[in-house]
Amino acid sequence: MNTGSIRKRIAALLFLFMLLLLIMPACTNSANSPDRELEGIAQLDGGYCSGDIYCQDLEFRKEGKLLFLKTGDEGEFVVISPGRMKLSVGEENLVVGYTLSDGKLELKFDDYSLDYYYADEIEGNLARLDPPTDTEQNVIQQDQPTQIPPTATQPENEPVDIQENEEVVFSLSYILDANDTLEKNADYRMQLVDGTLGSADMVKQDPTLTDLEFTRDGKLLIASAGDAGIMTWDLASRSVIADRGDARCINTKVSPDGEYVFVETSYCQIAALKSQTLESSGSIEGEMCTTLNDVHPTEYVVLTSTGGGKVVIHDLLNGDEIDSIPACYWAVFSSDGRSIVCFSEGQSIQVWDYQTLEKLSSHQLGVPYRYYSSSVSPTDDVIAFSHNETGGILLYNFMTKESIELQPISSSGSFYRTSFSGDGRLVAASDSYNVYIWDVERASLVFEIRQSDYYVEDIAFLPGTRQLAIAYPKWIEVWSED
């Protein structure tokens, strides 16, 4: 073999070796990329802040998807350099600085910053669940049989394992198709939104439901839809009797007599609308951007929260401020309206007397919680909410200080909504795709509604019944106990 041939082979081997050195770091960086490190649920630390869409819990998902957990908006994220990422919502793009250390995330905007902590461990580090016991395997599991929207591919039904000795069984009663109303309101909204806001195209392409609320007599269902407005359903005829798309509707509550619906809008105010016609009747404006919390069960009084950690009590008839509770980020009334349950900082809740505003008790929960997931039992002094320690649901009696943790056999993620049945004996909770129902007295999981194609936007039991409404992006399903 001549010297020239040997030199050529050596040169070829050196070239392959250098190429391998270039490829290996790229593979390593892909497996441990900054985007991957951000995946998980980043919960806003410090309660409500005003005016910015990023003032809420965020879920960083695979492939650069970003979900806003309170408003239901969807966006994208990408790390463009160490300590800097680009955030996109619709046509709006924003480059921000960030730091991520010890489960804490700080987003640095031009003139302020927001702090978050990760509610769940990053997906790649999640611990495996223990195999279910024989008893747990007997829980009924019902697959999603949804037949709409017509343009979407439907999930295939899987076998349903029903145990004859199980007491609680739910089946699908009927479906309310909201797609036409959503599209109509989104088109109308397109005419009102300045294109420079960057949300018009997103609204037109994919309007979705965000929130459900019933009148107390169970005759009307109010469904809000973010940028696609709001609609009122008459449940007897199962038809939309009123809708409007001229404002962004984030959260809704109904007055005690069902005559009015109160809507948290993107204009930093609470709008009062007539339930049947959705005609404007007035508004409540606080000293800062106002977030709707709860409405008194028998009086025209509403709880709102503002920036700075304060809950304000408003008179709904004239919009005047009655009083306020300091160091409180979110509050709800007890079922009888005699108490106000306040979610405070430091993983604690406080109970206040509604009439005197005297603090009755303070409770240290010891786990981080999601206050926007809370619901109150209609029959007992019990509140349900999701917490971030194990991803379960906590039932807490704020008079006796007793607590029960409810944990599903398996869940695809954290819980965002809870709801009690009319008799208080069942409580339902939803994660991104599935709905779980527990027997409160036995603290046992009795039913599941599972699927993997469509997000669960909200859940709510019809007042006084065991009928559960589930809002998916374009339609509402009503399930009834057999």
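Throughout, read-outs are computed from the coordinates displayed, never taken from laboratory work. Please read all numbers here as calculations on a predicted model, not as lab measurements. Note that we place each Cβ from the backbone using ideal geometry, even for glycine, and neighbour counts take in every protein chain shown.
The gain in end-to-end length when the ARG84 to ASP453 segment is fully stretched comes to 129.6 nm, 0.36 nm per residue minus the alpha carbon separation. Would you please state which residues of segment 58-101 a label at LYS108 would reach in this model, taking the label point 7 Å out along Cα→Cβ and a backbone N cut-off of under 20 Å? 77-88, 94-101, by backbone N distance to the label point. For SER324, the residues whose amide H sits under 5 Å from its own are ILE313, ignoring neighbours fewer than 5 places away on the same chain, with H placed 1.01 Å from N.
Once the chain from LYS274 to ASP177 is taken as fully extended at 0.36 nm per residue, the excess over their C-alpha distance is 32.7 nm. Given points 7 Å out from each Cα along the Cα-Cβ axis, report the ASP315 to LYS219 separation in nanometres with one decimal. So the label points at ASP315 and LYS219 sit 2.9 nm apart. Annotation for segment 313-358 versus segment 420-482: alpha-carbon center distance of 27 Å. Overall dimensions of segment 208-280, expressed as equivalent-ellipsoid semi-axes from the Cα gyration tensor (√(5λ), whole Å, largest first), are 18, 13, 10.
Full extension of the chain segment joining LYS65 with ASP439 gains 131.1 nm, where the gain is 0.36 nm per residue of separation less the Cα-Cα distance.
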